[in-house]
1. Assigning unit charges at the beta carbon (Lys, Arg +1; Asp, Glu -1) and nothing else, what dipole magnitude in debye, to the nearest 20, does segment A:3-131 show about its Cα centre?
2. Sort A:ILE43, B:ILE192, A:ILE71, A:ILE131 so the one with the fewest other Cβ atoms within 10 Å of its own Cβ comes first.
3. Excluding same-chain residues fewer than 8 positions from B:LYS153, which lysines have a Cα within less than 20 Å of its Cα?
4. Residues of segment B:85-127 with backbone nitrogen within less than 17 Å of a virtual label 7 Å along the Cα-to-Cβ line of B:ASN138, please, listed as ranges.
5. What average number of partner chain Cβ atoms lie no more than 10 Å from the Cβ of the residues making up B:167-177?
6. How many angstrom separate the Cα center of segment B:194-238 from the Cα center of segment B:56-99?
7. So for B:LYS60, A:LYS79, fewest C-beta neighbours within 10 Å to most, what's the order?
8. Please state, to two decimals, what the Cα-based radius of gyration of the protein assembly as shown comes to when divided by 2.2 N^0.38 Å (N = residues).
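FYI, it's all coordinate maths here, none of it is from the lab. The shown structure was predicted, so the numbers you read here are calculated from the model rather than taken from an experiment. Reconstructed Cβ throughout: ideal geometry from the backbone, glycine too, with neighbour counts over all protein chains shown.
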Amino acid sequence: MAIFGLWVINKAGGLVYQRNFADGLVQLTSNEYLVLAGTLHGIHAITSRLSPTGTSSGAQVIEAETFKMTILLSPTGTKFVLLTSLAETSASTVLQKVYEAYADAVMKNPFHTPEMPIRSEGFDTRIAALIGTGHT
Amino acid sequence: MSALPPSRFSVLSSPSPDLLSPTNSSTRFSLPSGPAIATATAGTPKPLSRPNIYDRPLNKIRTTEVSASAFAFLFSEIVQYMQKRVSGINDLERRLNTLGYRIGTRVLELMAWRAESASKAPKRDIRFLPVLMSIHTNVWKAVFGKPADAIEKSVQNEDEYMIIDNDPVVTRSISVPRDMSQLSCSSFTAGIVEAVLDGLGFPARVTAHNTPVDDFPLRNTILIKLEKSVLEREELFK
C-alpha cells in the first residue's frame, strides 16, 4: 500500500503539477513526465470515445503489474492522476480530496493563471497534509 | 453573447468544433459526460419564495451568511483585476485598502443602527480601548463570523496597536508568490478597520502585515497607527 505520485493534467494535455511521494517507480526527467502526461491525455481521449453506448467518462483505472494509475476527470477537463500500488484502495477518495484542495487552493488563488503550472504554497501544504511530504 | 466564449469557460477535454461554435453558447455549461443540465431556464429566474436580501428587515439578516467560496472567487477576481492596473505592491495594497474602506463605512453604519435598535440606551464609545475591543469582537464577528485572535499594543511606539488574526478569511485561499512576498491582501481588512475608526472619530493609518508563525502560516497583523490628535484627546480623558 503506497502512493507513488500525483499528476495534474490540464485540459489541453499539459502537465501542470507533478509530485512524487514514495520510491518504487523509475525516476524520470521532467521532460519525460511531460511526454507521458501528454500521451495519457491522448489515451484518455480515445477511451472516452470507445464506448458503444453513448458518452463515456473514459479510462478511470489503468493497472500494470506493479502499480496502477487512477484517473479523476473533473467537469472542466482537468485530470487528476494518482499512481499507487495495486493494493491501494483509497485512491479514488484521495483523488476527490485532491480535487477539493485544487478548487480551494489553486482556483481561488488570484496569483494562479488557469492552465499554467501550479506554483501555490497553499496547494503544496494541502497535498502534503493529505498524502505526506515525500520529495519533489 | 455572440463572441466565442473565452477559452477558460470551455469545459471539454476534447473540444469538438460543433460544441465550440459561437451560436451554441450553452456549451459553457455542459459537461463532458453525465446527465444533461437544463440551461434553458437559466434566463428566466423563478419567482422567489421569500423576499430577497434587500427587502428583508436589516435586523433579521444579522445571522445570515454568505458563501465563503463565492466570496473567495470574487475576491480573487478583484485582486487579479487590480493587479493589471497598478504600478506596484504598494499601489495594490492602497487600492485594496480603499475598497475595504468603502465596506467599513457601511459596516459601522449597520452596526450602529443595530446597536440602537437592540438596546434601550445605546452608547457611543469615546475612549480608544473599548473601541478597539469592539472592533476585535463585534466588527470581526459581523464581517468574518468569528472574533479576531488577539490585540497587542506596540512596545516601541505609543500610538501603535495591533489586531491579530491567525486564520484570516480573506486570504485563506491566497498563496502570494515569492517575488511579491511583502504583499498582504489583508489590506482589504485594514481598510475596513480604518473606516470604522475614522467613522468613530479616531483617525488612524491602518496597514496589514504578514506575520506567519509555524502553527499559523497565514497569520496576519493589522497595524493601527493613531493620529496625534487622538492620543492628545485620550490624555485629556484621564
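1. The calculation lands at about 320 debye.
2. Placing the least packed residue first, the sequence is A:ILE43, A:ILE131, A:ILE71, B:ILE192.
3. Within reach: B:LYS225, B:LYS228, B:LYS238.
4. Residues passing the 17 Å test: B:104-127.
5. The per-residue average across the peptide is 5.
6. Measuring centre to centre over Cα atoms gives 20 Å.
7. B:LYS60, A:LYS79
8. Working it through for the protein assembly as shown, the quotient is 1.22.
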